[in-house]
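Quick note: the coordinates plus some simple rules give every number you see, no bench work behind them. In this text, all values refer to a predicted model and were calculated from it rather than measured experimentally. Don't worry about glycine lacking a Cβ; one is built from the backbone with ideal geometry, like all the others, and counts go over all protein chains shown.
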Ligand code: 5AD
Ligand code: SF4
């Protein structure tokens with residue numbers, strides 16, 4: 001565990017638990033919350049009954065995530081009853097919605113602090129105040145203000161780290177709540193990112209994942225002419241760093257220059273996550289995505305031409321308002337043509353405040369469910385075929401530690417972001433190794449270490 005904690009055991013003030021919902025952005029924010037808590041003298045615990053501080057970092061991208069959060073907050077009441085000194089905090093995307101904060105205030109008075117996505121750097125102050133103030137402390141900002149100070153992180157891994165490069169999103173896809181809760185795009189200065197990565201490398205990190213809702217917009221808000229490709233070139237120079245990943249890119253903004261940069265740099269991984277959302281031109285327009293099916297497929301073609309071994313993954317929404325059987329058939333067609341290595345598939349979820357939520361022809365739950373199943377079945381066959389084609393090949397794997405399912409085996413990832421379970425002794429965590437693949441399923445590769 002990478003712990004920026006200078007406290008000796010005797011100084012432990014208590015225990016904390018963070019519970020995170022949603023994307024990597026939230027995971028990374030939770031690492032910062034944990035970093036703050038460790039600096040304050042708290043230690044992590046997995047047992048809720050032992051915790052003195054519990055923080056829920058929430059997601060509102062789909063209704064399911066929100067329901068889970070409400071369920072969890074409700075269940076924390078009994079812990080507060082057992083331990084009246086317990087401090088409960090809720091933060092993240094859900095808290096940027098006024099009606100949610102109102103509901104928490106009215107129905108969940110056992111919550112001590114509520115804050116949003118723009119002021120997690122205020123967490124140390126809020127924590128101090130919440131200890132003194134008996135009622136729910138609420139501090140949610142509309143936008144990021146001023147300079148955003150860096151917070152210490154408590155990373156889950158010694159060898160991998162997330163690095164935020166751009167906050168917010170300006171795209172306003174019509175189904176998506178993110179621009180409303182994460183605010184406008186704001187890029188971090190190149191020098192801050194480079195020095196953060198250099199520091200991480202000094203601490204033993206070998207792989208960084210650059211984070212942003214739309215990394216391709218990086219630098220567009222600067223006066224200087226700097227873009228995402230330039231940032232990748234800078235980071236590629238850092239000695240001791242082995243791999244660079246990034247999440248998420250927008251197909252509309254994926255330039256040929258960027259493809260060339262990725263092909264020509266040493267460390268940037270050949271994994272492209274390009275959310276298509278739908279294959280139908282009509283629906284793509286309604287979604288405000290800014291590309292057509294043909295443009296998307298050309299992008300896939302260009303990537304494969306330059307990097308035949310690259311992996312391409314995607315996000316797809318089924319049941320967007322007005323989606324007909326013909327529209328859905330277009331999505332299936334693109335999935336067959338693009339042959340994604342992997343797809344994250346979702347049923348459309350109505351998010352109040354977004355334009356799509358107001359659209360007339362909402363699709364029934366049964367239709368969404370049936371389409372999702374057909375899509376998942378198709379993708380699982382393609383993922384399986386793609387992975388089978390790697391059997392017998394030797395791939396470069398970055399060791400990530402023991403396999404969760406089988407502690408006698410090790411787990412790692414290929415440059416293309418595929419999970420590999422392999423036979424070997426431990427001690428290869430954080431190392432680049434060669435593994436010969438001998439078996440594959442839709443989701444996982446299995447192999448043996450090549451001596
Ligand atoms: N309903 C379903 N899926 C959604 N996503 C974003 N908003 C919604 C919504 N309202 C999906 C998109 C996005 C991923 C992170 O979540 O596919 O790429
Ligand atoms: Fe949401 Fe679209 Fe922005 Fe992605 S690009 S966060 S889907 S609005």
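What FRET efficiency comes out for the pair residue 439/residue 361, r = Cβ-Cβ distance, R0 = 51 Å, nearest 0.05? Display every interim value, and only then the final one.
On the way: r = 45 Å, r/R0 = 0.89.
That gives a FRET efficiency of 0.65.
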Next item on the list: Can you grab the distance from the C-alpha centre of region 396-451 to the C-alpha centre of region 184-240, Å, no decimals?
Entry: 28
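Give me the Kirkwood hydrodynamic radius of the chain, using the inverse of the mean 1/r over all pairs of distinct Cα atoms, in Å to one decimal.
Working: mean 1/r = 0.0426 Å⁻¹.
Here the Kirkwood hydrodynamic radius works out to 23.5 Å.
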Next item on the list: Could I have the simple spin-label model distance between residue 282 and residue 333, label points 7 Å from Cα toward Cβ, reported in nm to one decimal?
Entry: 1.2
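Need the full-extension length gain, residue 295 to residue 77, defined as separation in residues times 0.36 nm minus the C-alpha distance. One decimal, nm.
Numbers: separation 218, 0.36 × 218 = 78.48 nm, distance 5.12 nm.
Full extension of this stretch gives 73.4 nm more.
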Next item on the list: Along Cα→Cβ, 7 Å out, is where each label goes; now give me the distance between the ones at residue 132 and residue 67 in nm to one decimal.
Entry: 4.2
Note to self: Starting from 0.36 nm per residue, how many nanometres of slack lie between residue 377 and residue 257 once their C-alpha separation is accounted for?
What the structure shows: 39.7 nm
Next item on the list: Please label the shape of region 393-451 as rounded, prolate or oblate, based on the square roots a ≥ b ≥ c of the eigenvalues of the alpha-carbon gyration tensor (a/c under 1.5 means rounded; beyond that, a/b larger than b/c means prolate, else oblate).
Entry: rounded
Next item on the list: Count the DSSP beta bridges whose two residues both fall in region 155-249, then state the antiparallel fraction as a percent rounded to the nearest 5.
Entry: 15
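Report the full-extension gain for the segment residue 344 to residue 326: residue separation times 0.36 nm, less the Cα-Cα distance, to one decimal in nm. List each step's numbers first, then the result.
Details: separation 18, 0.36 × 18 = 6.48 nm, distance 2.12 nm.
The span from residue 344 to residue 326 would gain 4.4 nm if fully extended.
Please give the FRET efficiency for residue 225 paired with residue 391, using the beta carbon to beta carbon distance and R0 = 35 Å, rounded to the nearest 0.05. Please list the in-between numbers first.
Details: r = 46 Å, r/R0 = 1.31.
In this case the efficiency is close to 0.15.
Just to be sure I understand: of the beta bridges DSSP finds with both ends in the chain, what percent are antiparallel, rounded to 5? It would help to have the intermediate numbers written out before the result.
Values: 22 of 67 bridges.
Roughly 35 percent of the beta bridges in the chain run antiparallel, per DSSP.
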Note to self: I want the antiparallel fraction of DSSP beta bridges within region 295-451, as a percent rounded to 5.
What the structure shows: 65
Item checked: Alpha-carbon centroid distance for the pair region 34-56 / region 105-171, whole angstrom -> 15
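By the gyration tensor of its Cα atoms, with a ≥ b ≥ c the square roots of the eigenvalues, what is the shape of region 321-451: rounded for a/c under 1.5, prolate for a/b over b/c, or oblate? Can you show the working numbers first?
On the way: a/c = 3.43, a/b = 2.33, b/c = 1.47.
In terms of gyration-tensor shape, prolate.
If you take the square roots of the eigenvalues of the alpha-carbon gyration tensor of region 160-388 and sort them as a ≥ b ≥ c, do you get rounded (a/c under 1.5), prolate (a/b over b/c) or oblate? Spell out each step's value before the answer.
Working: a/c = 2.13, a/b = 1.52, b/c = 1.40.
Prolate, because a/c is 1.5 or more and a/b exceeds b/c.
Per residue of the chain, what 222 nm ellipticity follows from adding -39500 (n - 2.57) for every DSSP H run with n ≥ 4, rounded to the nearest 500?
Values: 13 runs with 149 residues, N = 451.
After summing the helix terms and dividing by the residues of the chain, the value is -10000 deg cm²/dmol.
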